[in-house]
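Beneath this line is the structure, given in structure tokens, with notes to follow.
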Amino acid sequence: MNARIGHIASNTFREAVRDRVLYNLIAFALLLSGAAILVGQISIDIERLVVVDLGLTAVSLFGIVIAIFIGIGLVSKEIEKRTLYTVLSRPVRRWEFIVGKFLGLAGTLVVNTFFMAIGVFGALLYVTHKFSAADASILIALYFIILEFLIVCALALLFSSFSTPLLSAIFAFSLFVIGSFAEDLRGFAAMTHGFTRWIATAAAYLVPNFSVLNVISAAAHEQHLSAQLILQNTFYALFYTAMALCGAVLIFERRNLK
Amino acid sequence: MTARKRTTIVAALGLVVGMTASMLLLRHIDQIRPRATIADALYISSPKIIRRASLGFDGLMACIYWTRTVQYFGHRHFLRSGSYNELAPLLEITTALDPHMIPAYQFGASFLAPRPPNGAGEPVRAIELMKYGIEHNPDNWRLYYDLGFVYYTELKDYKRAGEVFEEGSKVPDAHPFLKILAAQMAEHGADYSTARMLWTATYESSHESNIRQNALEHLRAIRVDEDVTMLQAAIERFRQNNGRLPTSLWEVAAAEHLRGIPLDPDGNPYELSLDGQVLVAKPDDFPFITKGLPPDYKPAPPKFHSPS
């Protein structure tokens, strides 16, 4: 079972690399080095802030875009190219296919993030000339960004398991936007009454809460991030990802592929 | 030559010519277009809307707005413009997006508080900005120092400045000079010695070259103001003793038993007008002086001196 999942995952990773996904690193490197050099000349006293904010925001946004646009095609492309039937005719279960695809895309994003992290720390070293202990919060922020990617990948896969690529992209992106406003949703739910309150509260907790995973500002200001937060966010992301993957598996298992 | 090679050459030439022509045309169009009022347009003035539009990336948006604020102020300051209409809203948005962006408070107050053309001439808004900063960063003693500074320099409210310095001195790791300044404000708020202490503290505690240069210019201006005050007092004593105004500062120096005519920080002697006023020889070299200025003086753009 693990071998089959591993093969699918590694093939998914190879496909993503062949799709020149990792070329986005060039754009990222240019953006970050330009910002690091330029910001000191057009602003005052925020060189480190800009490098960290811009760097981590770019890592997050580039990754979300890759997760959505590759994730939505993971299943539909295989169906379109008819390669899915070849795969499933082997002793590969449908759920193994889904999990393998997820792991492949997640692996691509982790590799992408790793190289981007090198870029961020390189630009940081250029503007600050040395690292400090407080820079460890940047690593935590990057870890939380990877957790975000896991959720987005799982959601993209969920939508891809039953919908067209265009609709999957719209659903996934919409959920990303709504998830960024999860705190506002909860505030709105608190202001309502009765049945509306129940619905709003349920929605507020059902949408992925990306705001708790966004600690970019805290990292930029060298604020301490507690171990409890790290642990709880990890479990939240893993449970949410598992939920979305289970949903994808449930739908895909019953999908008529003819 | 093959058809492919011909196509390549023509396409490459077309690319270069097209790019060059479009860039040159754009330059020409910029020159003939009326100056757009984009500099004064704040398309979205609500911090809440901008925060929501940033999809959680508030920090980056705050950096963008801070950079925009710096560019806005620098451009208007360079043009010696008297109006900075968008400065306070830009600062409000920046600090609402990132309440921990300390430079926005420190520099923002120094942009807002001074009178035009050096600043926006809005000390009350500068104070509101600093209070907002202190509310969100209560452990930053520098913000108390900067707030006290605004009370001292722009509002001449020495009592309130002393109170703020006193509050700031209670912050853990606060610089010891806050306590000294608090005590100094209480009794000697209006003295030159207090002003000198304040600017010396600013010069010594900052690593930012712009701030140090600014502090240095203020210290030079304090020296000039003190000299002019001292000389004016000496001229008044001469007039009371001799029943007439002195004809030159040499007469004053002789009457006061000075070794020579006092010189300004650049080594130029002060001048005496016909009506007995002490004048600075080159007032443009001292952007912040308040005394010794000729009548109807219009200041030139400030020249900053390097710390010696």
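Structure values in brief
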read-out: Relative counts (whole %) of C-alpha pair distances in chain A, using bins that are 10 Å wide; value: 7, 27, 31, 22, 10, 2, 0
read-out: Over 27 Å between alpha carbons, listed pairs B:Lys179/B:Lys282; B:Lys131/B:Lys282; B:Lys48/B:Lys156; B:Lys156/B:Lys298; B:Lys131/B:Lys159; value: B:Lys179/B:Lys282; B:Lys131/B:Lys282; B:Lys48/B:Lys156
read-out: Chain B: mean projected area of Cα convex hull, nm²; value: 25.9
read-out: Lysines with Cα under 21 Å of A:Lys77, excluding same-chain neighbours fewer than 8 positions away; value: A:Lys101, A:Lys258
read-out: Angle in degrees between helix A:136-160 and the longest Cα principal axis of chain A, rounded to the nearest 10; value: 20
read-out: Taking B:Trp66, B:Trp250 and counting other C-beta atoms within 10 Å, the order from fewest to most; value: B:Trp250, B:Trp66
read-out: Amide H partners (placed H, <5 Å) of B:Leu279, local residues excluded; value: B:Glu271, B:Leu272, B:Ser273
read-out: Footprinting exposure proxy for A:Thr57, B:Thr94 (fewest neighbouring C-beta atoms within 10 Å first); value: A:Thr57, B:Thr94
read-out: Residues whose placed amide H lies under 5 Å from that of B:Glu122, excluding near-sequence neighbours; value: B:Ala113
read-out: Dmax and Rg, reported as Rg then Dmax, of the range B:223-308 (C-alpha, Å); value: 13.6, 44
read-out: At least 27 Å along the helix axis (C-alpha) and Kyte average at least -0.5, DSSP helices within chain B; value: B:3-32, B:58-78
read-out: Which of B:Thr67, A:Thr241, B:Thr7 has the fewest Cβ neighbours within 10 Å, and the rest in rising order; value: B:Thr7, B:Thr67, A:Thr241
read-out: The protein assembly as shown: radius of gyration and largest Cα-Cα distance (Dmax), Å; value: 32.4, 118
read-out: Contact order relative to length of chain A, as percent, for alpha carbon pairs under 8 angstrom and 6 or more apart; value: 27
read-out: Residue (of A:Phe181, A:Phe252, A:Asn112) at the positive-pole extreme of chain A, dipole from beta-carbon charges; value: A:Phe252
read-out: Computed over the range A:1-136, the ratio Rg/Rh where both radii use C-alpha atoms and Rh is Kirkwood; value: 1.14
read-out: Value of D in µm² per second that Stokes-Einstein yields for the range A:188-258, Kirkwood Rh from Cα pairs, at 4 °C (1.567 mPa s); value: 85
read-out: For chain B, built as a Gaussian network whose Cα springs stay under 10 Å, the top-fluctuating residue of B:Gln31, B:Gln184, B:Gln106; value: B:Gln31
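Any read-out appearing in this document is the output of simple, stated calculations on the displayed coordinates, not a laboratory observation. Keep in mind that what you see is a predicted model, and the values were worked out from it rather than measured. Methodologically, a virtual Cβ is constructed for each residue, glycine included, from the backbone with ideal geometry; neighbour enumeration extends over all protein chains shown.
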